[in-house]
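Here is the structure we will look at.
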Amino acid sequence: MGCIYLLYNEAGYGYIGQTKNIKRRLREHKKKTEHSHSKMLGEWECEVLEECENDCLLDYEKYWYDFYNELFPYMLVNKIIPLQKNTPERVINRAKKWYENNKERSKENQRRRRSKK
């Protein structure tokens, strides 16, 4: 069993990733090697977005990347955009539920971004 995770910082920037071992992967992010995208975030928090079978990781990662990128354009620091084979129905349902619970937060972030332009 693997998972899709979101690393995010206080400024609202984030990184979407996938892993089969979350503890190991978070240790790797904290090392901040030259290949680590999380070094762009500084201090960050982690949220597991979805647990899924290993053979679905790429599909889920792509879905969550697109979902957050649409809500918060230009706020993801991923250097490589994930590919996707198909979108699992339960991911769509969970995303809709998340959005319903976070509408105000999303609207406020959009207002802030517009006012910076």
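The values are calculated or read from the model by the stated rules, or taken from the named source; none is laboratory data. Here the structure is a predicted model, which means the values were calculated and not measured. Don't worry about glycine lacking a Cβ; one is built from the backbone with ideal geometry, like all the others, and counts go over all protein chains shown. Please note that ligands, DNA and RNA were not included when accessible areas were found on the heavy atoms of the full protein model with its side chains. Shrake-Rupley method; radii C 1.70, N 1.55, O 1.52, S 1.80 Å.
Annotations for the structure displayed:
- Test result for Glu89, at negative phi, open to solvent by 60 Å² or more (accessible area, probe 1.4 Å) and modelled with pLDDT under 90: yes
- Within the stretch 40-68, being in contact with a helix residue (DSSP H, G or I) (Cβ under 7 Å, 6 or more places away or on another chain), open to solvent by less than 20 Å² (accessible area, probe 1.4 Å) and not acidic (Asp, Glu) holds for Leu49, Cys52, Tyr60.
- Residue selected from the stretch 23-59 under the condition farther than 19 Å from Leu76 by Cβ and not basic (Lys, Arg), by the criterion modelled with the highest pLDDT: Glu51
- Cβ-Cβ contacts under 7 Å between residues 6 or more apart (or on different chains), taken from a first residue in the stretch 102-115 that is closer than 11 Å to Gly12 by Cβ and in contact (Cβ under 8 Å) with a residue 12 or more places away in the chain to a second residue that is surrounded by 13 or more Cβ atoms within 10 Å (Cβ to Cβ) and polar (S, T, N, Q), are absent.
- Any chance Phe72 is closer than 24 Å to Asn93 by Cβ and free of Cβ contacts under 8 Å to residues at least 60 places away in the same chain: no
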